[in-house]
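Remarks on the structure that follows.
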Amino acid sequence: QVHLVESGGGLVQPGGSLRLSCAASGSIFSIKDMGWHRQAPGKQRDLVATITSGGNTNYADSVKGRFTISRDNAKNTVYLQMNSLKPEDTAVYYCKAEARSYIASMMNDYWGQGTQVTVSS
């Protein structure tokens with residue numbers, strides 16, 4: 001069992017910044033890729049950014065140059081620094097980790113509970 005806990009969401013004005021964090025806990029054997037997804041009301045969940053265990057990153061075109069994903073492997077934590085926020089960034093942001101627990105014999109995707117990010121003036 002792997003549990004992801006997110007924090008850092010909130011209300012911010014356009015052009016502002018916000019930093020999200022997500023810490024994994026539980027019977028973790030290993031964590032491979034980690035990432036962030038977001039879902040606006042009435043829309044599908046979209047990938048925002050991913051980061052491999054080696055530090056390779058990938059971003060959605062809509063956030064390139066504005067968002068930065070990073071991780072601390074020692075703390076099993078992934079971060080999302082969001083700058084120059086736009087109203088279009090408003091969504092529930094979900095943390096995801098591809099991990100293996102001591103209970104399961106293979107890798108599985110684990111999701112956080114989601115944290116609301118609202119960009120409005």
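The values are calculated or read from the model by the stated rules, or taken from the named source; none is laboratory data. Note that the structure is a prediction, hence the values are computed from the model and not measured. For neighbour counting, all protein chains shown are included, and Cβ atoms are generated from backbone atoms with ideal geometry for every residue, glycine included. Accessible surface is based on the protein model in full, side chains and every heavy atom, while ligands, DNA and RNA are left aside. Shrake-Rupley method; radii C 1.70, N 1.55, O 1.52, S 1.80 Å.
Residue by residue, here is whether (1) open to solvent by less than 50 Å² (accessible area, probe 1.4 Å); (2) part of a loop (DSSP other than H, G, I, E, B); (3) in contact with a strand residue (DSSP E or B) (Cβ under 8 Å, 6 or more places away or on another chain); (4) at pLDDT 95 or above holds:
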site: 44; (1), (2), (3), (4): no, yes, no, yes
site: 47; (1), (2), (3), (4): no, no, yes, yes
site: 53; (1), (2), (3), (4): no, yes, yes, no
site: 74; (1), (2), (3), (4): no, no, no, no
site: 81; (1), (2), (3), (4): no, no, yes, yes
site: 85; (1), (2), (3), (4): yes, yes, yes, yes
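What number goes with the only condition from (1) in contact with a helix residue (DSSP H, G or I) (Cβ under 9 Å, 6 or more places away or on another chain); (2) surrounded by fewer than 18 Cβ atoms within 10 Å (Cβ to Cβ); (3) not hydroxyl-bearing (Ser, Thr, Tyr) that residue 117 does not pass?
(2)
Across the range 82-108, what is the number of residues that are free of Cβ contacts under 8 Å to residues at least 60 places away in the same chain, over 15 Å from residue 8 (Cβ atoms) and hydrophobic (A, V, I, L, M, F, W, C)?
Count: 2.
Open to solvent by 60 Å² or more (accessible area, probe 1.4 Å) and either within 21 Å of residue 54 (Cα to Cα) or not in a strand (DSSP E or B) (or both) - does that describe any residue in the range 87-95? So that I can check it myself, show each step before the final result.
Within the range 87-95, the first condition is being open to solvent by 60 Å² or more (accessible area, probe 1.4 Å), and the residues that meet it are 87-88.
Pick out the ones that are also either within 21 Å of residue 54 (Cα to Cα) or not in a strand (DSSP E or B) (or both) and you get 87-88.
Yes, there is a match, as at least one residue in the range 87-95 is open to solvent by 60 Å² or more (accessible area, probe 1.4 Å) and either within 21 Å of residue 54 (Cα to Cα) or not in a strand (DSSP E or B) (or both).
Enumerate the pairs (first residue in the range 70-81 and touching a residue at least 60 places away in the same chain (Cβ under 8 Å); second residue anywhere and among the acidic types (Asp, Glu) and surrounded by fewer than 16 Cβ atoms within 10 Å (Cβ to Cβ)) with beta-carbon separation below 9 Å, excluding pairs fewer than 6 apart on the same chain, so at least 6 apart or on different chains.
79/72
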